[in-house]
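Asker: Can you read through this structure? Questions will come right after.
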Amino acid sequence: MPPKIKHRYTDQGKEYLPAAQFKIKHKDYFNWKYLYTLLHEWVVEEGWASRDDKTFPEHLYLHRETQKLGNEVWVYWRLTKQAVENPFWRYDLDIDVHVVGLKDTEIMFKGKKYKVNFGEPEVKIWSKIVFDHKREWQKHPIMSRLKRVFFRRIIKTNIEQHKKQLYLESYRLQEAIKTYFKLSTYLPEIEGQEFFEVKPVP
Amino acid sequence: MSPKTIDYRNARYIPAIKFEGIFDMNSLLKKMRAWIIANWFEFHETSVKHKVPTPEGAEQEFEWWGVRKVNDYVKYHLDIFIKFWNLHDVEVVREGQKKKLQSAKLLVETTGRVQLDWSDRFGGSQFLQNLADFYNTYIVKKSIDMVWTDKFYYDIYRFHQLIKEQLDFETKSNAYEMDQA
């Protein structure tokens, strides 16, 4: 009998609340290295990971080469961050990138030749708040019984505040990716407008 | 058993908006988003897609989801699907000023869902589920039909109207707000 695949949270008795979930799919010319660097720099700057590659939570980087269809890339990042004021809360940010048909190509833009890629990247992002991630309450004989009431009644507004904060942070990441892809953005201040380079094609 | 989610697709028809012409895409999307937020919905852009531009233009697709807690029992869900075909920039002179607008074919589909018992108070045993059925059918039936779903239905029509105004349609009002016509 094959082993059962365990759920990351529920099978370990962890409670979580989704804050945001979205995907961005873009089939056009772009630069894969820029996109990867943009995502990496953003998560490092926002405190989701350290710059040290050894500890960076990249769980998968799969690069599959094909002769005709172009390359395929899978990237899984599982980022976590402690809430500033209280270690009881943990924010989780899951980033999955899947690129298909990735090919090297060259384009002319304003009289200059650029080395770019053509392909279809898809960035999927999930952000969640995890409560009691160390399972201290879960293991405690009295606190485990109070947990439900505590979440539903006492810290309900606090949960909403944390959810809102994570929601905003997730959408700022979306804004940074959309700015790079030159897609419509909505936030009053465009994320990553000056620091990150935009793709070198109109 | 009474349904836990009342879906307008099965109940009342919300017409889709189709448009072909010149419009300000950024302003349209920003105003739609602003309306959703101003009406106390939590805004989620669940999907964004962009396809490589052909000589006729690009193809873009947006899926939005707005969610609003009305009370501890009722939640509104607003599902919006926006698609642009042949999207490209055009320069237009309006009132003596040059403006960068967009030309495209556009489709906007709006759907509403009213979710009951979202906090799962009646989610436990079969007895509680039967109790929820009784509660929905006999106790809050009028509120479901005449207060929550009705109000949301007209809210969606107001949202519809906003899109029509932005796209400068000939009929900028809806059947329920004739006084503004």
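Asker: Looking at the range A:12-32 only, could you name the residues that are hydroxyl-bearing (Ser, Thr, Tyr) and buried (at least 19 other Cβ atoms within 10 Å of the Cβ)?
Answerer: Matches in the range A:12-32: A:29 only.
Asker: Quick check on residue B:35: is it under 17 Å from residue B:153 (Cα atoms), away from chain A (no Cβ under 11 Å), assigned to a loop (DSSP other than H, G, I, E, B) and not polar (S, T, N, Q)?
Answerer: Criteria not met by residue B:35.
Asker: Additional query: Tell me, which strands (runs of 3 or more DSSP E) lie completely within the range A:1-98 with 3 or more residues that are hydrophobic (A, V, I, L, M, F, W, C)?
Answerer: A:15-26, A:71-82
Asker: Which residue pairs have Cβ atoms under 6 Å apart, sit 6 or more places apart or on different chains, and have a first residue in the range B:111-138 that is under 30 Å from residue B:65 (Cα atoms) and in contact (Cβ under 8 Å) with a residue 60 or more places away in the chain and a second that is charged (D, E, K, R) and part of a strand (DSSP E or B)?
Answerer: B:111/B:79; B:113/B:7; B:115/B:75
Asker: Same structure again: For the range B:91-108, state whether one or more residues are in contact with a Lys or Arg (Cβ under 8 Å, 6 or more places away or on another chain), assigned to a strand (DSSP E or B) and within 25 Å of residue B:147 (Cβ to Cβ).
Answerer: No, the range B:91-108 contains no residue that is in contact with a Lys or Arg (Cβ under 8 Å, 6 or more places away or on another chain), assigned to a strand (DSSP E or B) and within 25 Å of residue B:147 (Cβ to Cβ).
Asker: Which members of the range A:99-111 meet the condition of being without any contact (Cβ under 8 Å) to a residue 24 or more places away in the chain and part of a strand (DSSP E or B)?
Answerer: Those that are without any contact (Cβ under 8 Å) to a residue 24 or more places away in the chain and part of a strand (DSSP E or B): A:104, A:106, A:108.
Asker: Picking from A:32, A:74, which residue would you name as being away from chain B (no Cβ under 14 Å), in contact (Cβ under 8 Å) with a residue 60 or more places away in the chain, more than 23 Å from residue A:162 (Cα to Cα) and of a type in the set (A, V, I, L, M, F, W, C)?
Answerer: Answer to the selection: A:32.
Asker: A further question follows. Please work out which one of (1) at pLDDT below 95; (2) closer than 30 Å to residue B:117 by Cβ; (3) within 12 Å of another protein chain (Cβ to nearest Cβ) is the condition residue B:63 fails and give its number.
Answerer: (1)
Asker: Within the range B:15-32, can you find the residues that are of a type in the set (A, V, I, L, M), touching a strand residue (DSSP E or B) at 6+ places or on another chain (Cβ under 6 Å) and outside any strand (DSSP E or B)?
Answerer: B:16, B:25
Asker: Here's a follow-up. Which of the residues belonging to the range A:58-110 are surrounded by 13 or more Cβ atoms within 10 Å (Cβ to Cβ) and acidic (Asp, Glu)?
Answerer: Listed by number, the residues that qualify are A:58, A:72, A:92, A:94, A:96.
Asker: For residue B:59, only one of the following conditions fails: (1) buried (at least 18 other Cβ atoms within 10 Å of the Cβ); (2) within 13 Å of the chain's Cα centre (by Cα); (3) among the acidic types (Asp, Glu). What is its number?
Answerer: Against the list (1) buried (at least 18 other Cβ atoms within 10 Å of the Cβ); (2) within 13 Å of the chain's Cα centre (by Cα); (3) among the acidic types (Asp, Glu), residue B:59 comes up short only on (2).
Asker: Within the range A:128-155, can you find the residues that are hydrophobic (A, V, I, L, M, F, W, C) and part of a helix (DSSP H, G or I)?
Answerer: Answer for the range A:128-155, where residues must be hydrophobic (A, V, I, L, M, F, W, C) and part of a helix (DSSP H, G or I): A:137, A:143, A:146, A:149, A:150, A:151, A:154.
Asker: The conditions are (1) assigned to a strand (DSSP E or B); (2) of a type outside the set (Phe, Trp, Tyr); (3) under 28 Å from the mean Cα position of the chain (by Cα), and residue B:142 fails exactly one of them. Which is it?
Answerer: Unmet condition: (1).
Okay, residues lined up against (1) in contact with a Pro (Cβ under 6 Å, 6 or more places away or on another chain); (2) of a type in the set (A, V, I, L, M, F, W, C); (3) over 21 Å from residue A:42 (Cβ atoms):
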{"site": "A:98", "(1), (2), (3)": "no, no, no"}
{"site": "A:108", "(1), (2), (3)": "no, yes, yes"}
{"site": "A:113", "(1), (2), (3)": "no, no, yes"}
{"site": "A:134", "(1), (2), (3)": "no, no, yes"}
{"site": "A:141", "(1), (2), (3)": "no, no, yes"}
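Asker: Got a sec? Which of B:86, B:26 is more than 13 Å from every other protein chain (Cβ to nearest Cβ) and among the polar types (S, T, N, Q)?
Answerer: B:86
The values are calculated or read from the model by the stated rules, or taken from the named source; none is laboratory data. This structure is a prediction, so every number in the text was calculated from the model and none was measured. Neighbour counts run over all protein chains shown; Cβ positions are idealised from the backbone, glycine included.
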